[in-house]
Amino acid sequence: MNRYIMVMDQGTTSCRCILFDERGMAVSFAQKEFRQIYPAPGWVEHDPMDIWSTQIGVAQEAMLKARCSHRNIAAIGIANQRETAVIWNRRTGEPICNAVVWQCRRTADAADALIARGMTGFFREKTGLRIDAYFSATKIRWMLDHTAGAKRQAENGDLLFGTIESWLIWRLTRGRVHVTDFSNASRTMLFNIHSLRWDEEILKELDIPAALLPAVAPSSAHYGDTDPDIFGGPIPICGAAGDQQAALFGHACFTAGEAKNTYGTGCFLLMNTGEIPVSSKAGLLTTVAWGLGGRAVYALEGSVFAAGAAVQWLRDELRLIDTAAESAFLAASVEDTGGVYLVPAFAGLGAPYWDPHARGSITGLTRGTGRPHLVRAALEAIAYRTADLIAAMERECGVPLTALQADGGASANEFLMQFQADIIGARVMRSACAESTALGAAYLAGLAAGYWADETAIKKTRQPAAVFEPRMTKTRRAELLTGWRGAVRSVTNRS
Ligand code: ADP
């Protein structure tokens, strides 16, 4: 009998389900988008019941496509959109309101108020995070404050909070298991990443009752079994991680110095820093990568706000290209940008600069600057911003990057991948499997279920990647980086 690992990949816009076999190959796939709710400018909500029914729908569809019963599923792993907060009634199972999504800015003022009260260091030391509306804490407070009777119900222990994996597990076990994993807990801004417990001082500060919170468990562990009615029999739920951490695991970045970068609209870079949480002064986030076998592994995380977005801008606003893919050929058609730098600070610059007032610029234009030079400068900028983050990470954790694993839409760009390797002076690997996030959740669940014996067995399942070796001389790299820093200085000084 064939046995698979089922992954529920619960993203921001869609629910996906993938069944993986022992070789780490996807044998069945189903996906469905669900409703995005925008009640006011800058606000984003999801209906938790919609997420639940959509997720179960795609799970059943994936099983049907592979002609499987529950007996063919060795375990379930979950990868989920992070930070999004759900609160529901423990007796009725009804959410008290819509989920407040990670992108939602409704609590920006509440976050600013914490910063104004000088709480930045307090939160950074305990949670590894910069105070921001992005994380769950202020969202939970908002939901309790703006739902009639919720405060009292929460104090009486009638309500439960969870990020999406926690909500799904509670539903899958028909209310028997209320749990979250270390990686998701570390995105709530309530979790002490050193003691690996909810932080009592933070809960007191934000007046959030502890009774609301799930138990916290490793990312690879048997949390419970699905209710037999859902899939015709019980299936063990054995793994969960936030999507970015799951992707790091899916790329098999198991040791300190290994990193992954997702090149999408923005970039999400995570570097494994081993068993010690590295506190960042450059404004990177310190986060739990995963909990496995009784220990936690940490990561530094940084993001680039505008990455693929710069390519979209070339296409849609400047109309310099017809398709994103075309940018690779144009960029490669010239030797270099001729001294042109494009800083895509459309909405400010993140780590390590943190200047929300910075705006984009193009510097070094000459009469000879043409379309290919501008296109090349935009692609190079994605690589420079990634290099900025990597340099900050290396400096702060004292571990050099060994290799960079690449995924996401823009990683298809051969020019970008080669230039990335050149500018960081390290190998870039683009994995053959486009599903690193789901694969990470499969690996976590498969390890706890004994489907794979250990990390070595997992590494054997990896498909060969496209490898981009650095070819640029050190002198040239230093020259280009100096030019880039100059261009960045010119946009950050202006505010
Ligand atoms: P997201 O998940 O953020 O929507 P994707 O991983 O789907 O992003 O990637 C889409 C982004 O990647 C877009 O911003 C697009 O401009 C960019 N992109 C896609 N293909 C290429 C390419 N071949 N070269 C450069 N950029 C690309």
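If you check residue 148 against the conditions, is it surrounded by fewer than 16 Cβ atoms within 10 Å (Cβ to Cβ), aliphatic (A, V, I, L, M) and assigned to a helix (DSSP H, G or I)? Spelling it out, it is not the case that residue 148 is surrounded by fewer than 16 Cβ atoms within 10 Å (Cβ to Cβ), aliphatic (A, V, I, L, M) and assigned to a helix (DSSP H, G or I). For region 206-215, the condition holds for no residue, the condition being that it is within 23 Å of residue 437 (Cα to Cα) and modelled with pLDDT of 95 or more. Listed by first and then second residue, the pairs with beta-carbon distance under 7 Å, at least 6 apart or on different chains, first residue in region 401-414 and touching a residue at least 12 places away in the same chain (Cβ under 8 Å) and among the polar types (S, T, N, Q), second within 8 Å of the ligand (Cβ to nearest atom) and not in a loop (DSSP other than H, G, I, E, B), are 411/263; 413/327; 413/328; 413/379.
For the condition part of a helix (DSSP H, G or I) and either under 30 Å from residue 1 (Cβ atoms) or modelled with pLDDT of 95 or more (or both), residue 56 qualifies. When residue 195 is tested against (1) within 30 Å of residue 15 (Cβ to Cβ); (2) surrounded by fewer than 24 Cβ atoms within 10 Å (Cβ to Cβ), only condition (1) is not met. Screening 425, 408 for residues that are surrounded by fewer than 23 Cβ atoms within 10 Å (Cβ to Cβ) and under 19 Å from the mean Cα position of the chain (by Cα) leaves exactly one candidate, 408. Only residues that are outside any helix (DSSP H, G or I), among the polar types (S, T, N, Q) and farther than 20 Å from residue 244 by Cβ were counted across region 411-470, and they come to 3.
Residues that are out of contact with any Ser or Thr (no Cβ under 8 Å at 6 or more places or on another chain) and touching a residue at least 60 places away in the same chain (Cβ under 8 Å) within region 375-387 comprise 381, 382, 384, 385, 386, 387, listed in sequence order. Taking region 396-410 as the range and being within 19 Å of residue 480 (Cβ to Cβ) and not in a loop (DSSP other than H, G, I, E, B) as the test, only 404 passes. Considering only region 329-369, state which residues are surrounded by fewer than 22 Cβ atoms within 10 Å (Cβ to Cβ) and within 16 Å of the ligand (Cβ to nearest atom). Hits for region 329-369 are 329, 330, 332, 333, 346, 347, 360.
The values are calculated or read from the model by the stated rules, or taken from the named source; none is laboratory data. Given the structure is predicted, the values throughout are model-derived calculations rather than measurements. Backbone-built Cβ (ideal geometry, glycine too); neighbour counts: all protein chains shown.
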